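Asker: Can you read through this structure? Questions will come right after.
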Amino acid sequence: MYRATPLLDRAGSGERTPDGPRFTRSATVDGQFLTADECLSWLAEQRELQAYSVERVPFDRLDGWRFTEDDGNLVHHSGRFFTIEGLHVGLSPFRVPTWTQPIIVQREIGILGILVKEFDGVLHCLMQAKMEPGNRNLVQLSPTVQATRSNYTRVHKGRTIPYLEYFTAPRRGRVVADSLQSEQGGWFLHKRNRNIVVETDEDVEVLPGFRWMTVAQVQQLLRLDDVVNMDARTVLSIMPFARPETTTGGTDPFRAALLRSLDPEAPTVHSVTDAISWLTENKARFELTQRRIPLLDTAGWHRTADEIAHVSGGYFSIVGVDVRAKDREVGAWMQPLLRPAAPGLLAFLTRRIDGVLHVLLQARPAAGALDIVEAAPTLHCTPQTFRTLPTAHRPQFLDYVLDVPARQVRFDTWLSEEGGRFLHAVNRYQIIEVDDRFPATPPPNFMWLSVHQLMTLLQFGNCLNVEARSLLACLHTLW
């Protein structure tokens, strides 16, 4: 049995060791309970052990769900969980000024929480092997708690959520990081979850389906396709890392610049105040109107026996699934899922400026955004949507990313989005180092920021979108 370390420092001064260096240490050492390879085997065992199944079903077999007669919205009989409704969007200035679409309306704020504890001086994260029906491989590494309000208040009358007591007041533990963060603004209307990291020094019973891992081990798995889920990535992004004290990056200039980018004293192109002003200016520049409408009134969308889809076959569709998962709070259920028509491409373009790595962010509006604009990846798009459009109508930097030499790509992995609401939604996540030929001055809706500045913005909600947070978590794997 490994020894838990008290939350106070070992010198007995009564002062708490700063969190930043402790999370950084956890991101640089292996854990004592299992290796990354053993974690992969454990995830595979969970898939086999639980005999999960997900089957597409037509809407008339979607037990517990119905289309309302007056507006055609897809709703749950309890009135909880979420609904599929129509949304009329007006966005100016934008290439397409108005459109209608289906949207997921989920008013509840859920909890995405990671419990951490020290063992022999190293923080470990209690991670879960969680099945979600929309994941291509079903089981992925997830936060300690990943639950909607309907789930943890047991609307479904199922089992209780393990470890919930650490994340709801009065909680058993110390909050390390806590903020409301958005989810996919193109598919959700005003959706947010509470992202929270809590530390405990209690003895914690490790239940089946959970394992203690260091941050380094989770990050190692994040470099692999479809292992670490979206909810874990967004919580990883809010962890308070400090610049490592004893590492210089060796002979790799990119890594050395990345480490300097974690330093709050490192020189930057802009200040955090500049970044907030830039976001605020773009929120004021775009005029976004959102009006919920009957799902029946979404022009260009049609409903068949088993899907709601766009007449072009693009964008996404809404489908129904029948799920069997005996280790979940409820062993079987049915639900609608949003299925994207094609994978997305999400990329951070990075550059060394005065020896400090900077990331190029864009101010990007979204149909269902709560506050109009958030900072997004440099490139955030579905390439298939733009394949036949002229260059003037293609997203900025799309052609650059598609043609970039492999030697400039620092991170390249396929990762799943929220498997509880999306069916086989995968995006290619890339981190690219630009060369000196890349324009030094970006367009007005883009800004160069350091890694520490991104971490500072994440102390607040609605600053970085969920895709940017995932890429920030990926960037932290490159120390």
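The values are calculated or read from the model by the stated rules, or taken from the named source; none is laboratory data. Small disclaimer: the values here were computed from a predicted structure and weren't measured. Cβ atoms come from the backbone with ideal geometry, glycine included; neighbour counts cover every protein chain shown.
Asker: Answer with yes or no whether A266 is touching a helix residue (DSSP H, G or I) at 6+ places or on another chain (Cβ under 6 Å) and among the hydrophobic types (A, V, I, L, M, F, W, C). Please lay out each step first, then the result.
Answerer: Values: touching a helix residue (DSSP H, G or I) at 6+ places or on another chain (Cβ under 6 Å): yes; among the hydrophobic types (A, V, I, L, M, F, W, C): yes.
For A266, the condition - touching a helix residue (DSSP H, G or I) at 6+ places or on another chain (Cβ under 6 Å) and among the hydrophobic types (A, V, I, L, M, F, W, C) - is met.
Asker: Another question, if that's okay. Looking at A299, A266, A275, A242 in this structure, which one is more than 26 Å from the chain's Cα centre (by Cα), outside any strand (DSSP E or B), modelled with pLDDT of 95 or more and under 30 Å from V198 (Cβ atoms)?
Answerer: Working: A299 fails: under 30 Å from V198 (Cβ atoms); A275 fails: more than 26 Å from the chain's Cα centre (by Cα); A242 fails: more than 26 Å from the chain's Cα centre (by Cα).
Residue meeting the stated conditions: A266.
Asker: Is it the case that some residue within the range 305-312 is closer than 30 Å to F210 by Cβ, surrounded by 20 or more Cβ atoms within 10 Å (Cβ to Cβ) and not assigned by TED's automatic domain parsing to the domain that holds L464?
Answerer: Taking the range 305-312 as the starting set, the residues that turn out to be closer than 30 Å to F210 by Cβ are none.
Scanning the range 305-312, I find no residue that is closer than 30 Å to F210 by Cβ, surrounded by 20 or more Cβ atoms within 10 Å (Cβ to Cβ) and not assigned by TED's automatic domain parsing to the domain that holds L464, so the answer is no.
Asker: Condition first: out of contact with any helix residue (DSSP H, G or I) (no Cβ under 8 Å at 6 or more places or on another chain), not assigned by TED's automatic domain parsing to the domain that holds L221 and not hydrophobic (A, V, I, L, M, F, W, C). Can you find one or more residues in the range 133-141 that meet it? Quick ask: steps written out before the conclusion?
Answerer: From the range 133-141, those out of contact with any helix residue (DSSP H, G or I) (no Cβ under 8 Å at 6 or more places or on another chain) are 133-136; that's our starting set.
From what is left, the residues that are not assigned by TED's automatic domain parsing to the domain that holds L221 are none.
The answer is no, given that none of the residues of the range 133-141 is out of contact with any helix residue (DSSP H, G or I) (no Cβ under 8 Å at 6 or more places or on another chain), not assigned by TED's automatic domain parsing to the domain that holds L221 and not hydrophobic (A, V, I, L, M, F, W, C).
Asker: Using beta carbons and a limit of 6 Å, which pairs, at least six apart or on different chains, have the first residue in the range 157-184 and without any contact (Cβ under 8 Å) to a residue 40 or more places away in the chain and not assigned by TED's automatic domain parsing to the domain that holds L370 and the second one of a type outside the set (F, W, Y) and assigned to a loop (DSSP other than H, G, I, E, B)?
Answerer: E165/R172
Asker: List the strands (runs of 3 or more DSSP E) that sit entirely inside the range 368-426 and contain at least 3 residues that are touching a residue at least 40 places away in the same chain (Cβ under 8 Å).
Answerer: On the way: elements: 373-376, 379-381, 409-416.
Fully inside the range 368-426 and qualifying: 373-376, 409-416.
Asker: Of the numbered conditions (1) buried (at least 19 other Cβ atoms within 10 Å of the Cβ); (2) under 24 Å from the mean Cα position of the chain (by Cα), G20 satisfies every one except a single condition; which is it?
Answerer: Every condition holds for G20 apart from (1).
Asker: Separate question: Can you tell me which residues in the range 133-143 are polar (S, T, N, Q), crowded, with 24+ Cβ neighbours inside 10 Å and part of a loop (DSSP other than H, G, I, E, B)?
Answerer: Narrowing the range 133-143 to residues polar (S, T, N, Q): 135, 137, 140, 142.
Those left that are additionally crowded, with 24+ Cβ neighbours inside 10 Å: 135, 140, 142.
Matches in the range 133-143: N135 only.
Asker: Pairs please, first residue from the range 264-288 and over 27 Å from E245 (Cα atoms), second anywhere and surrounded by 13 or more Cβ atoms within 10 Å (Cβ to Cβ) and among the basic types (K, R), Cβ atoms under 9 Å, 6+ apart in sequence or on different chains.
Answerer: These pairs meet every condition: N282/R364.
Asker: Report, by residue number, each residue of the range 427-472 that is closer than 13 Å to T378 by Cβ and either free of Cβ contacts under 8 Å to residues at least 24 places away in the same chain or assigned by TED's automatic domain parsing to the domain that holds G314 (or both).
Answerer: P439
Asker: Looking at the structure I just gave you, is I293 surrounded by 14 or more Cβ atoms within 10 Å (Cβ to Cβ), under 30 Å from R56 (Cβ atoms) and not aromatic (F, W, Y)? It would help to see each step written out before you state the result.
Answerer: Values: surrounded by 14 or more Cβ atoms within 10 Å (Cβ to Cβ): yes; under 30 Å from R56 (Cβ atoms): yes; not aromatic (F, W, Y): yes.
Here the answer is yes, as I293 does meet what is asked.
Asker: What about Q146, is it surrounded by 20 or more Cβ atoms within 10 Å (Cβ to Cβ), under 24 Å from L43 (Cβ atoms) and at pLDDT 95 or above?
Answerer: Numbers: surrounded by 20 or more Cβ atoms within 10 Å (Cβ to Cβ): yes; under 24 Å from L43 (Cβ atoms): yes; at pLDDT 95 or above: yes.
So Q146 passes the test.
Asker: Same structure, new question: Can you tell me which residues in the range 214-231 are buried (at least 24 other Cβ atoms within 10 Å of the Cβ) and out of contact with any strand residue (DSSP E or B) (no Cβ under 7 Å at 6 or more places or on another chain)?
Answerer: Q217
Asker: Among the numbered criteria (1) surrounded by 13 or more Cβ atoms within 10 Å (Cβ to Cβ); (2) assigned by TED's automatic domain parsing to the domain that holds Q140; (3) among the charged types (D, E, K, R), which one does E48 miss?
Answerer: Every condition holds for E48 apart from (1).
Asker: Name the residues in the range 412-428 that are over 15 Å from A147 (Cα atoms) and not charged (D, E, K, R), would you? Quick ask: steps written out before the conclusion?
Answerer: First, the residues of the range 412-428 that are over 15 Å from A147 (Cα atoms): 412-417, 422-428.
Residues satisfying the conditions are T413, W414, L415, S416, F422, L423, H424, A425, V426, N427.
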